[in-house]
Amino acid sequence: MSFTQELAAHTQELRQQIHAMPFNRALADGSLSPEIFQGYIIQDAHYLEGFARALSLAASKAPDAQSIAQLAGSAAGAIAVERELHAHYMGLFGVTSDDFEGTDVSAACDHYVSFLLRSAAIGDFPEAVTALLPCFWIYRDIGKEIAQTSRADNPYSAWIATYSGEAFDQSVQRMLDLVNKVADDASDATRARMHHAFQRSCWHEWRFWDSAYHREGWKQPRPEDAVTG
């Protein structure tokens, strides 16, 4: 069993729950509310900016030129997806640049990006790349699953095509290969940290979609909850 197969086995239940989420089921059959997807695509654009920064930080710690090039290329690719895919859907759903700039980063998005940046900045290289893996892997698997049942007239067909396509599949496989390579040379303690980072990122993936589906921002304290002297 490869290291990434170990990661998959240890997070199987959570990843299955992500696949079964109302957001992804509605995305698959095209019934997802335009308002929900509009909020999601804004948050995803914010997320991808942070994701690209985390990839760049991880690249700076890479032990060899090939890994540096791979991660730097993925960072550039994340920005390209942000510009192309989100421009398409923001135009389709009437989201202006002012709407995007005026929408605060959600708590779920902020926490996920902060975790990735912290892992890349403070963690070692194995921990950093493993924390970044779920965004590649889970999106690929969901994209491919949805593509098997989605209709041609699905309003979210461009999103589905992006994450089920050959180009993204190849980038995911390169990331899986990199994590396996790093794990082969890692100590037991490092591999344990890699497992923890992967599990945390999988949870953040679930939380991001759950938050988008329920259109959650930042929970605020209620006046009735205040403690009085």
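The values are calculated or read from the model by the stated rules, or taken from the named source; none is laboratory data. Just so you know, these numbers come straight off a predicted model, no measurement behind them. Cβ sites come from the backbone with ideal geometry, for glycine too, and all protein chains shown count toward neighbours. SASA here: full protein model, heavy atoms, side chains in, ligands and nucleic acids out. Shrake-Rupley method; radii C 1.70, N 1.55, O 1.52, S 1.80 Å.
To make sure I understand the rule: partners must be aspartates and glutamates, Cα under 12 Å from the Cα of LYS61, and not fewer than 8 residues away in the same chain. Which ones qualify?
Cα-Cα hits under 12 Å: ASP124, GLU127.
Which FRET efficiency, nearest 0.05, do ALA26 and TRP203 yield, Cβ-Cβ r, R0 22 Å?
The computed FRET efficiency comes out at 0.55.
Please arrange HIS10, HIS86, HIS111, HIS19 by accessible surface area, largest first, computed with a 1.4 Å probe and ligands excluded.
The ordering from most to least exposed comes out as HIS10, HIS111, HIS19, HIS86.
With a 1.4 Å probe and every protein chain left in place, work out the accessible area per residue of the chain in Å², rounded to a whole number.
49 Å²
What is the calculated FRET efficiency for ASP153 to LYS181, with r their C-beta to C-beta distance and R₀ = 41 Å, to the nearest 0.05?
It comes out at approximately 0.45.
Can you give me the relative contact order of the chain as a percent, contacts being Cα pairs under 8 Å and 6 or more apart?
32 percent.
Excluding residues on the same chain fewer than 8 positions from LYS219, give the aspartates and glutamates whose Cα lies under 16 Å from its Cα.
ASP104, ASP110, ASP210
With a ≥ b ≥ c taken as the square roots of the eigenvalues of the C-alpha gyration tensor of the range 65-208, please select rounded if a/c is under 1.5 and otherwise prolate if a/b is larger than b/c or oblate if it is not?
Note, shape of the range 65-208 comes out prolate.
Heavy atoms only, 1.4 Å probe, whole protein assembly: order PHE3, PHE93 by accessible area, highest first.
The ranking, largest first, comes out as PHE93, PHE3.
Using a Gaussian network for the chain with springs between C-alpha atoms less than 10 Å apart, which of these wobbles most: VAL172, VAL95, VAL113?
Residue with maximal mean-square fluctuation among VAL172, VAL95, VAL113: VAL95.
For TRP203, what accessible area in Å² do you get when you roll a 1.4 Å probe over the heavy atoms of the protein chains, rounding to the nearest 10?
TRP203 has an accessible surface of roughly 110 Å² with all protein chains in place.
When only C-alpha pairs under 8 Å and at least 6 residues apart count, what is the relative contact order of the range 43-130, in percent?
Dividing the mean separation by the residue count of the range 43-130 yields 45 percent.
If you count only protein heavy atoms and use a 1.4 Å probe, how large is the accessible surface of LYS144, to the nearest 10 Å²?
80 Å²
GLU216 to ASP64: FRET efficiency via 1/(1 + (r/R0)^6), r the Cβ-Cβ distance, R0 45 Å, to the nearest 0.05?
0.65
Pick from SER187, SER164, SER31: which residue has the top mean-square fluctuation in a GNM of the chain where Cα pairs under 10 Å get a spring?
Top of the fluctuation ranking is SER187.
Residue-wise, which Karplus ³J(HN,Hα) couplings in Hz belong to the range 95-102, taking 6.51 cos²θ - 1.76 cosθ + 1.60, θ = phi - 60°, and x for glycine or proline?
Along the range 95-102, the couplings run 8, 8, 4, 5, 4, 5, 5, x Hz.
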